[in-house]
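Computed from the coordinates by the stated procedures, all read-outs in this text should not be read as laboratory data. A quick note: this is a predicted structure, and the numbers were derived from the prediction, not measured. Glycine also receives a Cβ, built like all others from the backbone with ideal geometry; neighbour counts cover every protein chain displayed.
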Ligand SMILES: Cc1cc2nc3c(=O)[nH]c(=O)nc-3n(C[C@H](O)[C@H](O)[C@H](O)COP(=O)(O)OP(=O)(O)OC[C@H]3O[C@@H](n4cnc5c(N)ncnc54)[C@H](O)[C@@H]3O)c2cc1C
Ligand SMILES: Nc1ncnc2c1ncn2[C@@H]1O[C@H](COP(=O)(O)O)[C@@H](O)[C@H]1O
């Protein structure tokens, strides 16, 4: 085992994902402790420019090149990554906890027969152990998982868990022209599909009233819609509301929906899971109404009411009307 | 065309007050209601849709305690053909890799075209078991599926979710593992007739499986640190609404 820390860089359509800069920051901090190198690993084709843009961020930029790696393909990615990890034996390999890592990191760990912890908000190395903090049950409970790192291991870190900092390194790009022994043609990438523009762009709204699963029934949506209109706010929601088909995609706030930064965000019956918070925690004023005093939403909200929203909404609507 | 659906029994925690058990590693189960993991419900629906189109079996498989049978019955009531429950001795100590190995050992014995799992379990949100399972079965996989179309018996076109509303489309041949993200379809409810029929269907129980080693250990669980919390307006709904309205006015937000 070397003492190096690998950070797997995610790039798409010519752009490095924010989370990759965050895991690089974490990798630099860890390799400082282990005395190893920070290695940024890029898989792709036509990614020379991206590789060069990371020279201050890592001691080495390992650019694994093949046209088969131009788009995410779990079989080619597994072959390439397992081959370089096998050969160079990093102490730890870090991914961002994103859709791409869901696709490749767990099967890579199984393939290499090394341990993996995903969905972490933080982790550290303590002797021969990696100890990671993982939010459970939608953020209502914290946990600590660990594994022995003697034979390497994989960690995936949630976006926004670490603040990205600029690096002071002067790394060099090592380009590897990778060859595959066989074709994996039982799967083929066909293309990206951008979300269709909806009738409303919630990212432009100054005030948002957002509704979650606490609304219980589709027919109750009318109640919050009416409330939103009465205060001149745009109606948005958490993912389960879109999954149920009660509101269209374009209204969803969160990591797989829109990121919003309104002056006012009122969350009604939303628990505050990490993926939801990712889309709204930078709003200027956040208000939460939830009947569970322990709902994680209260840790980002500025003001809150612990109560049944069906009692609060009519009262609040009336009080606001009286005050206008 | 045969499908296998991997399901997990999870506690409903969104509205519950959670208490940590004395061992510091799990929740006090007393006041918790358990149900089928949300994403698995969508995975099951996708398998049932394939069954309607091409015939064949839908086989449910779960690594879980005996109480899992209640949840398995529900999936049988919706139309699944049969079920397997794997209950090894040290069931609380399995990591995702061990769960995937246990599932793979059983699935290898079956005749299947597609293995469905949920994209993530609502308790740990690891998103690991599906893609590990594909590795162990040595078949291709797609995770985070949100759409499956131009269905044929040998292959499918499948759309997977990325971030911020972006998706990517792939073509994939069967046999394969597909992990299903919430919202992919509209899960059905069980019919009365289905519920009656389910009681006659068989759940195979496996208690003597070889348990693979778990490399990842859960050391402890804890309540989140208090940190900065919202200022809470208390009182009757009218009183708290009054205080909130005043605050909004003061901040020029209404
Ligand atoms: C890859 C991935 C991407 C995701 N992307 C997103 C995303 O973009 N956006 C998103 O929102 N989620 C996303 N999620 C899902 C996320 O993890 C949570 O499951 C989701 O945010 C929960 O939505 P919720 O708070 O509405 O529902 P729940 O977690 O079920 O919470 C409902 C809340 O309502 C409260 N409540 C119930 N009844 C009442 C009442 N009468 N009055 C007041 N309060 C009440 C409850 O106490 C509870 O806190 C994603 C998950 C994954 C794995
Ligand atoms: N104990 C289990 N038994 C059967 N399937 C499981 C089990 N744990 C996880 N899965 C499947 O794997 C998916 C992802 O779980 P996880 O990797 O824990 O996020 C779940 O949605 C299930 O379909």
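Take every DSSP beta bridge with both residues inside segment B:1-101 and express the antiparallel ones as a percent of the total, to the nearest 5.
Beta bridges within segment B:1-101, antiparallel portion: roughly 30 percent.
On each of the three principal axes of the Cα atoms of segment B:149-254, give max minus min coordinate, whole Å, ordered largest first.
63, 42, 41
Which whole-angstrom value gives the distance between the alpha carbon centres of segment A:229-293 and segment A:110-165?
Rounded to whole Å, the Cα centres lie 28 Å apart.
Once each part is reduced to its C-alpha centroid, what is the distance from segment B:158-192 to segment B:33-106 in angstrom?
Going from one Cα centre to the other spans 17 Å.
Return one number: the angle in degrees, 0 to 90 and rounded to the nearest 10, between the long axis of the Cα atoms of helix B:96-107 and the longest principal axis of the Cα atoms of chain B.
The angle comes out at about 30 degrees.
Give the span of segment A:5-177's Cα atoms along each principal axis, as three whole-Å numbers ordered largest to smallest.
Largest first, segment A:5-177 extends 43, 34, 30 Å along its Cα principal axes.
For chain B, treating each Cα as an identical point scatterer without solvent, what Debye log10 I(q)/I(0) comes out at q = 0.13, 0.18 1/Å?
These q points yield log10 I(q)/I(0) values of -0.86, -1.43.
Just need the relative contact order of chain A here, percent rounded to a whole number, with Cα pairs under 8 Å and 6+ apart.
14 percent.
Per-residue mean of other chain beta-carbon atoms within 10 angstrom of the beta-carbon, peptide A:145-152?
3
Classify segment A:214-260 as rounded, prolate or oblate from the Cα gyration tensor: take a ≥ b ≥ c as the square roots of its eigenvalues, call it rounded if a/c is under 1.5, otherwise prolate when a/b beats b/c and oblate if not.
oblate
State the antiparallel share, in %, of DSSP beta bridges confined to chain B, rounding to the nearest 5.
Here the share of antiparallel DSSP bridges comes out near 40 percent.
Could the peptides A:242-249, B:50-57 be put in order, highest first, of the mean number of other beta-carbon atoms found within 10 Å of their residues?
Result, highest mean first: A:242-249, B:50-57.
Calculate how many DSSP beta bridges within chain A are antiparallel, expressed in % of all such bridges and rounded to the nearest 5.
Antiparallel bridges make up about 25 percent of those DSSP assigns within chain A.
Other chains' Cβ within 10 Å of A:240-247 residues: what's the mean?
Mean shielding by partner chains, rounded to a whole number: 3.
Any chance you could tell me what percent of the C-alpha pair distances in chain A go past 34 Å?
The share of Cα pairs beyond 34 Å in chain A comes to 35 percent.
In whole Å, what is the distance between the alpha-carbon centres of segment A:210-227 and segment B:210-254?
Between the Cα centre of segment A:210-227 and that of segment B:210-254, the gap is 20 Å.
Using Cα pairs under 8 angstrom and six or more residues apart, how large is the relative contact order of chain B, in percent?
24 percent
For each of A:237, A:120, B:6, count neighbouring Cβ atoms within 10 Å of the residue's Cβ, then give the residues from fewest to most.
Exposure proxy ranking, most exposed first: A:120, B:6, A:237.
Please arrange A:28, A:88 by counting, for each residue, the other beta carbons lying within 10 Å of its beta carbon, fewest first.
With the sparsest Cβ surroundings first, the list reads A:88, A:28.
Give me the one-decimal nm value for the distance between modelled label points at residue B:109 and residue A:200, 7 Å along each residue's Cα-to-Cβ direction.
The answer from the label model is 5.4 nm.
Could you order peptides B:91-98, B:117-124, A:276-283 by the average number of other Cβ atoms within 10 Å of their residues, highest first?
The packing order, highest mean first, is B:117-124, A:276-283, B:91-98.
What nm distance separates the two modelled labels at residue A:225 and residue B:55, each placed 7 Å from Cα along Cα→Cβ?
4.5 nm
Measure nothing fancy, just the Cα-based angle from helix B:38-54's long axis to the longest principal axis of chain B, in degrees from 0 to 90, nearest 10.
30 degrees
Normalising by the residue count of segment A:27-114, find the relative contact order in percent from Cα pairs under 8 Å and 6+ residues apart.
That works out to 23 percent.
Once you average over the residues of A:92-105, how many Cβ atoms of partner chains fall within 10 Å of each Cβ?
Per-residue shielding by partner chains comes out at 4.
Which percent of the Cα-Cα distances in segment A:15-57 go past 15 Å?
Summing the P(r) tail past 15 Å for segment A:15-57 gives 44 percent.
Which of the three applies to the protein assembly as shown, rounded, prolate or oblate, going by the alpha-carbon gyration tensor with a ≥ b ≥ c and a/c under 1.5 meaning rounded?
The shape class here is oblate.
Order the peptides B:24-35, B:8-19 from the highest to the lowest mean number of other Cβ atoms within 10 Å of their residues.
B:8-19, B:24-35
According to the square roots a ≥ b ≥ c of the eigenvalues of the Cα gyration tensor, what is the shape class of segment A:180-308, taking rounded for a/c under 1.5, prolate for a/b larger than b/c otherwise, and oblate for the remainder?
prolate
If you fit an axis through the alpha-carbon atoms of helix A:74-88 and take the longest principal axis of the Cα set of chain A, what angle between them do you get, 0 to 90°, nearest 10?
The answer is roughly 50 degrees.
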